[in-house]
Protein chains: 2
Amino acid sequence: MTTPTSWVEGAAGSPYDVDNLPYGVFTRADEDPRVGVRIGDFVLDATPVSAADMLDLHHVFEERSLNPLMAEGPLAWRSLRQWLTGLLTDETERDLVEPHLIPLDEVELLPPVEVADYVDFYASLDHASNVGKMFRPDQEPLLPNWRHLPVGYHGRAGTVVPSGTPIVRPSGQRKAPDATAPTFGPSARLDIEAELGFVVGAPSALGTPVGAASFADHVFGVVGLNDWSARDIQAWEYVPLGPFLGKSFATSISRWVTPLAALDAAWVDLPGQDPAPLPYLAVDGPAGLDISVEVELNGEVVSRPPYSSMYWSPAQMLAHMTVNGASLRTGDLFASGTISGPDKEQRGSLLELSWGGKEPFAVGDDTRTFLEDGDRVVLRYTAPGTLGGRIALGEVAGEVVS
Amino acid sequence: MTTPTSWVEGAAGSPYDVDNLPYGVFTRADEDPRVGVRIGDFVLDATPVSAADMLDLHHVFEERSLNPLMAEGPLAWRSLRQWLTGLLTDETERDLVEPHLIPLDEVELLPPVEVADYVDFYASLDHASNVGKMFRPDQEPLLPNWRHLPVGYHGRAGTVVPSGTPIVRPSGQRKAPDATAPTFGPSARLDIEAELGFVVGAPSALGTPVGAASFADHVFGVVGLNDWSARDIQAWEYVPLGPFLGKSFATSISRWVTPLAALDAAWVDLPGQDPAPLPYLAVDGPAGLDISVEVELNGEVVSRPPYSSMYWSPAQMLAHMTVNGASLRTGDLFASGTISGPDKEQRGSLLELSWGGKEPFAVGDDTRTFLEDGDRVVLRYTAPGTLGGRIALGEVAGEVVS
């Protein structure tokens with residue numbers, strides 16, 4: 001049996017058919033915020049439909065964030081997805097459902113998740129190599145630990161903001177290489193990092209590692225993520241304890257969360273790991289994701305990073321993050337790090353696209369090294385869906401203001 | 001007028017007189033958790049007393065964490081402290097209050113704060129110099145940025161645990177300097193870091209820095225803090241993005257939060273900053289804290305770090321953390337980093353006490369380099385109170401289990 005497509009007008013064959021069904025939190029006019037599901041160009045208002053259907057889990061839709069839904073765990077996630085698919089493909093449900101399909105342009109999307117801890121990895125071999133070549137030109141580009149573990153660090157959860165939030169150019173200390181002392185002022189090297197974020201639903205106990213094979217038992221879904229970075233602030237501050245103010249001013253995520261089940265057709269083999277990782281990082285079968293990313297700057301596509309080129313898999317990131325016994329909470333967010341492919345037009349940061357600011361690159365009729373005030377960045381993501389077409393993941397937009 | 005002492009039995013002249021009044025969250029038998037205040041060896045059950053007194057803010061006591069109280073802001077904090085001081089010093093309140101004084105040994109103390117973001121600084125010149133000398137013996141001990149900004153990084157908020165939580169020895173990757181590849185196993189260099197933590201009450205807006213002069217408008221109080229560290233895991237992982245799994249398995253905080261007002265008599269001048277910091281880090285008047293710390297290992301005091309020796313002040317940490325526009329949330333926790341004084345017996349980590357594990361130090365009749373299973377660490381903190389004696393801050397205890 002092939003999965004049928006949706007009866008909702010315009011949904012069948014679109015990037016938002018029933019093989020996608022991302023979750024978000026929305027409000028309309030003065031109504032209470034609640035959970036909705038995107039189908040075609042509509043938001044399904046799941047609260048009244050689930051109540052009418054006397055769904056056990058209907059309470060998870062009457063919430064201001066996805067956290068209660070995510071906390072229910074993988075059996076509940078699957079059962080909700082089956083229920084939604086049934087509603088949106090079975091013509092006999094039309095009378096029940098149709099009154100609760102709200103055109104997208106009538107709603108405001110709110111932050112989807114209350115973020116617990118935010119961790120950012122550094123999982124792209126090409127990105128890490130590019131950064132190494134720029135900053136340590138006389139040395140091996142990769143540091144000794146890079147191929148042995150997915151390098152990562154904690155970021156600031158409180159400044160994770162939803163797509164569309166204006167990005168205020170941060171000020172801070174930076175020091176030119178030949179200066180004797182730092183100066184204070186607005187960052188002159190404001191950058192993006194095109195990333196993918198993974199949202200944890202089911203928590204884990206302190207002291208108990210979560211193995212790579214348990215990835216789908218804990219991770220609820222994915223978001224688009226832009227890890228805005230002030231390279232000059234970062235370069236001065238980051239030794240020896242890592243990035244801090246160069247990153248903590250804002251991290252944007254999409255307003256839609258794509259459930260992991262929507263990526264069933266997107267799993268691919270990793271490009272290959274050499275040396276073989278330690279046993280706790282071993283993965284069986286396809287552990288990479290065939291997700292295409294587009295980086296748009298002021299309306300021009302400037303890069304197309306392929307997620308399939310990432311060295312470390314998300315399941316390995318999860319296993320590494322918890323191998324010391326660190327617990328997971330509902331709402332934990334971990335991100336891939338900049339997605340860069342091997343080719344120049346596949347680089348996921350302006351640092352790499354402009355090779356450290358030395359090679360301005362074309363943006364339509366204009367050129368850029370780093371971001372200028374008024375610049376608008378949109379990250380878009382697509383993946384193969386289970387119906388044969390491509391699904392669209394949540395996009396992430398942001399405009400730089402002074 | 002001198003402030004009178006408390007009528008509560010045993011409180012007057014003790015480290016828990018009315019010049020202290022730390023807040024905590026407690027439960028007794030099957031009763032609901034709620035906020036209490038320590039006086040002498042009792043917990044004042046503030047909920048019924050504030051209700052009987054028809055206090056506007058009585059609802060903040062009927063909560064499972066201090067966050068709602070902390071979110072009220074500095075005017076409310078002051079007004080509650082005045083009310084509590086009145087109750088506990090005015091003999092005419094005795095009939096109202098005495099039935100609601102619960103002996104400490106009848107209650108269980110719960111985690112006091114829902115931690116939002118956790119940031120750890122590196123503010124001790126002696127600690128940073130000691131670490132530099134050990135790890136980079138041929139270079140200047142302090143890195144170039146250290147005297148220009150309070151170096152810090154984000155830690156894992158989800159693994160901040162209350163005093164008394166057993167500390168499971170973490171496993172992870174570590175590589176001996178002469179080995180060609182890392183191995184996996186339990187940390188062999190498990191350490192403590194004796195620190196002081198600052199808890200944010202009043203939030204701030206994204207994009208708006210909080211100046212050093214606004215410290216007391218945002219910071220509610222202080223906790224004792226032990227930043228458990230697996231030095232072998234940390235040494236292998238931390239380049240270039242900083243500490244991650246070497247720290248994220250557990251950070252212990254005290255179960256009592258001492259309000260900032262209790263430290264009014266503890267402010268002292270900083271030891272001196274050279275070069276003068278940039279203007280956004282300038283502080284007026286006494287910005288350091290005269291807090292004495294005791295590190296007890298298996299019942300023996302092995303170190304007495306003086307907080308007054310810290311180079312960077314807490315107000316400077318706050319100003320730096322937000323200068324890029326990063327917002328504060330109620331429950332944000334930032335810690336000082338290891339407190340070490342200039343003398344050997346003032347070092348706040350075993351790494352320093354054993355000089356990188358090379359010089360075992362005495363613990364009673366025993367010796368130690370790093371922590372062994374079954375070792376019990378207690379950090380104790382005292383400061384001058386406003387009544388002429390010393391107040392005790394919340395202690396932090398933890399035992400290592402395999």
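The values are calculated or read from the model by the stated rules, or taken from the named source; none is laboratory data. Just so it is clear, the model here is predicted, and its values are computed rather than measured. Using ideal geometry, Cβ is built from the backbone for each residue, glycine included, and neighbour counts are taken over all protein chains shown.
Details
- Test: residue in the range A:73-92 that is touching a residue at least 40 places away in the same chain (Cβ under 8 Å), touching a strand residue (DSSP E or B) at 6+ places or on another chain (Cβ under 8 Å) and closer than 30 Å to residue A:228 by Cα: no
- If you go through the range B:62-76 and keep only what is in a helix (DSSP H, G or I) and hydrophobic (A, V, I, L, M, F, W, C), you end up with B:69, B:70, B:71, B:75, B:76.
- Out of B:252, B:214, sole residue that is more than 18 Å from residue B:340 (Cα to Cα) and assigned to a strand (DSSP E or B): B:252
- Matching residues in the range A:105-127 - criterion: being out of contact with any strand residue (DSSP E or B) (no Cβ under 6 Å at 6 or more places or on another chain) and farther than 30 Å from residue B:160 by Cβ: A:105, A:106, A:124, A:125, A:126, A:127
- For the range A:158-182, the candidate set comprises residues that are more than 10 Å from chain B (Cβ to nearest Cβ) and of a type in the set (D, E, K, R); within that set, the residue that is surrounded by the fewest Cβ atoms within 10 Å (Cβ to Cβ) is A:178.
- Top-ranked residue in the range A:217-249 [being of a type in the set (A, V, I, L, M) and either outside any strand (DSSP E or B) or out of contact with any strand residue (DSSP E or B) (no Cβ under 9 Å at 6 or more places or on another chain) (or both); ranked as nearest to residue B:236 (Cα to Cα)]: A:241
To keep it simple, each residue is scored yes or no on (1) within 11 Å of another protein chain (Cβ to nearest Cβ); (2) in a loop (DSSP other than H, G, I, E, B).
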position: B:94; (1), (2): no, no
position: B:109; (1), (2): no, no
position: B:120; (1), (2): yes, no
position: B:133; (1), (2): no, no
position: B:139; (1), (2): no, yes
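- Against the numbered list (1) within 9 Å of chain B (Cβ to nearest Cβ); (2) more than 17 Å from the chain's Cα centre (by Cα); (3) not in a helix (DSSP H, G or I), residue A:116 comes up short only at (2).
- Every residue from the range B:1-53 that is of a type in the set (Phe, Trp, Tyr) and under 25 Å from the mean Cα position of the chain (by Cα): B:16, B:23, B:26, B:42
- Selection within the range B:267-300 - touching a residue at least 24 places away in the same chain (Cβ under 8 Å), surrounded by fewer than 17 Cβ atoms within 10 Å (Cβ to Cβ) and of a type in the set (A, V, I, L, M, F, W, C): B:268, B:282
- Some residue of the range A:115-127 being within 30 Å of residue A:40 (Cα to Cα) and crowded, with 17+ Cβ neighbours inside 10 Å: yes
- Considering (1) under 27 Å from residue B:78 (Cβ atoms); (2) in contact with a Ser or Thr (Cβ under 6 Å, 6 or more places away or on another chain), the lone condition that residue B:305 does not fulfil carries the number (1).
- Residue identified as within 12 Å of chain B (Cβ to nearest Cβ), within 28 Å of residue A:378 (Cα to Cα) and among the β-branched types (Val, Ile, Thr) among A:251, A:258: A:251
- Each residue in the range B:191-211 was checked for being assigned to a loop (DSSP other than H, G, I, E, B) and more than 16 Å from the chain's Cα centre (by Cα), and 10 pass.
- Search result, residues across the range A:223-246 that are out of contact with any helix residue (DSSP H, G or I) (no Cβ under 7 Å at 6 or more places or on another chain), more than 9 Å from chain B (Cβ to nearest Cβ) and of a type outside the set (Gly, Ala, Ser): A:223, A:225, A:226, A:227, A:228, A:232, A:234
- Residues of the range B:183-208 satisfying the condition of being aromatic (Phe, Trp, Tyr) and crowded, with 24+ Cβ neighbours inside 10 Å: B:198
- Residues (of a type in the set (D, E, K, R) and either without any contact (Cβ under 8 Å) to a residue 60 or more places away in the chain or not in a loop (DSSP other than H, G, I, E, B) (or both)) located in the range B:148-190: B:174, B:178
- When A:303, A:354, A:308 are screened for being touching a strand residue (DSSP E or B) at 6+ places or on another chain (Cβ under 8 Å), farther than 21 Å from residue B:249 by Cβ, crowded, with 24+ Cβ neighbours inside 10 Å and assigned by TED's automatic domain parsing to the domain that holds residue A:130, only A:303 passes.
- Of the numbered criteria (1) within 30 Å of residue A:162 (Cβ to Cβ); (2) buried (at least 24 other Cβ atoms within 10 Å of the Cβ), the one residue B:241 fails is (2).
- Checked against the criterion of being farther than 27 Å from residue B:313 by Cα, at pLDDT 95 or above and not assigned by TED's automatic domain parsing to the domain that holds residue B:336, the candidates B:75, B:101 yield just one match: B:101.
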